[in-house]
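A short worksheet on the structure shown next.
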Amino acid sequence: MKKARVRRKAADRLGPESWVRAGFDALVRGGAEAVRVEPLAVELGVTKGSFYWHFVDRGDLLRQMLARWEAGGTHQIIERLRGSGVPAREQLSLLMAICQEHGNGSLEGAVRAWGVTSPEAGEVVARVDRTREGFVEGLLREMGLSAGSARHRTRALYLALLGEFARTASGAEPTSPGVWQELLTLLTSE
């Protein structure tokens, strides 16, 4: 009786964000195919009914995962930087620091791998790439770089960050802040 009561209290507190986080964990561990309702329910210590309280079906969970990844890893960061009131170079420096704080890029890699096999996920990944690169390109243009130079340097930075995510996701030590500072200097010099 006591165990059932504890389980019910957990289910009562469990919101969609808990399911999304558990979905991300499963995605990182085993790809999109690992994001399944029953194993997630077991992991969360609830019944499948809790899932259906928040989501229509598995596809709904997957779409919400993509939406949260896009919002949290792109739009919220850009809004925070734009709202900071600091000059473009400092925004770029802050952006690089935020990327370093995320450390292990396993979620980034898992979503990108998912995007290879799922047209819906692939569209979101492509849109995120365009948004992120557009933001950085805009910062570089604010610093006075030509459109072509800003576009090329943006791509170089983006590739470096994706490479860093891939390295750290496979267990490598994060790149030192000094290397990132040197890269920032190279990217912003005329």
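Of note:
- ALA126 being crowded, with 16+ Cβ neighbours inside 10 Å, under 30 Å from GLY23 (Cα atoms) and under 19 Å from the mean Cα position of the chain (by Cα): no
- Taken over the stretch 92-103, residues that are in a loop (DSSP other than H, G, I, E, B) and surrounded by fewer than 16 Cβ atoms within 10 Å (Cβ to Cβ) amount to 1.
- Failed condition for GLU38, given (1) at pLDDT 95 or above; (2) more than 26 Å from the chain's Cα centre (by Cα): (2)
- The stretch 90-114 residues that are on the phi > 0 side of the Ramachandran plot, paired with ones that are not hydroxyl-bearing (Ser, Thr, Tyr) (beta carbon under 9 Å, 6 or more apart): GLY103/PRO174
- The residues listed here are ARG89, ARG68; of these, the one that is closer than 30 Å to THR185 by Cβ, part of a helix (DSSP H, G or I) and in contact with a helix residue (DSSP H, G or I) (Cβ under 7 Å, 6 or more places away or on another chain) is ARG89.
This table checks each residue for (1) outside the structural domain of VAL128 (by TED's automatic domain parsing); (2) surrounded by 15 or more Cβ atoms within 10 Å (Cβ to Cβ); (3) not in a loop (DSSP other than H, G, I, E, B).
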site	(1), (2), (3)
GLY148	no, no, yes
ARG151	no, yes, yes
LEU157	no, yes, yes
GLY163	no, no, yes
ALA166	no, yes, yes
GLY171	no, no, no
GLU182	no, no, yes
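- Total residues in the stretch 39-72, condition among the small types (Gly, Ala, Ser), within 20 Å of PRO119 (Cα to Cα) and touching a Leu at 6+ places or on another chain (Cβ under 8 Å): 0
- Filter result for VAL116 (in a helix (DSSP H, G or I), at pLDDT 95 or above, among the β-branched types (Val, Ile, Thr) and buried (at least 20 other Cβ atoms within 10 Å of the Cβ)): no
- For ILE78, the criteria (1) closer than 25 Å to THR185 by Cβ; (2) modelled with pLDDT under 95; (3) under 14 Å from the mean Cα position of the chain (by Cα) hold in every case but one, which is (2).
- Selected residue (criterion: farthest from GLY83 (Cα to Cα)) from residues of the stretch 126-166 that are touching a Gly at 6+ places or on another chain (Cβ under 9 Å) and without any contact (Cβ under 8 Å) to a residue 40 or more places away in the chain: ALA126
- The set of residues from the stretch 179-190 being under 16 Å from GLU101 (Cβ atoms) and not aliphatic (A, V, I, L, M) comprises TRP180, GLN181.
The values are calculated or read from the model by the stated rules, or taken from the named source; none is laboratory data. What you see is a predicted model; the values in this text were computed from it and never measured. Positions of Cβ are generated from backbone atoms using ideal geometry, with glycine treated the same way; all protein chains shown enter the neighbour counts.
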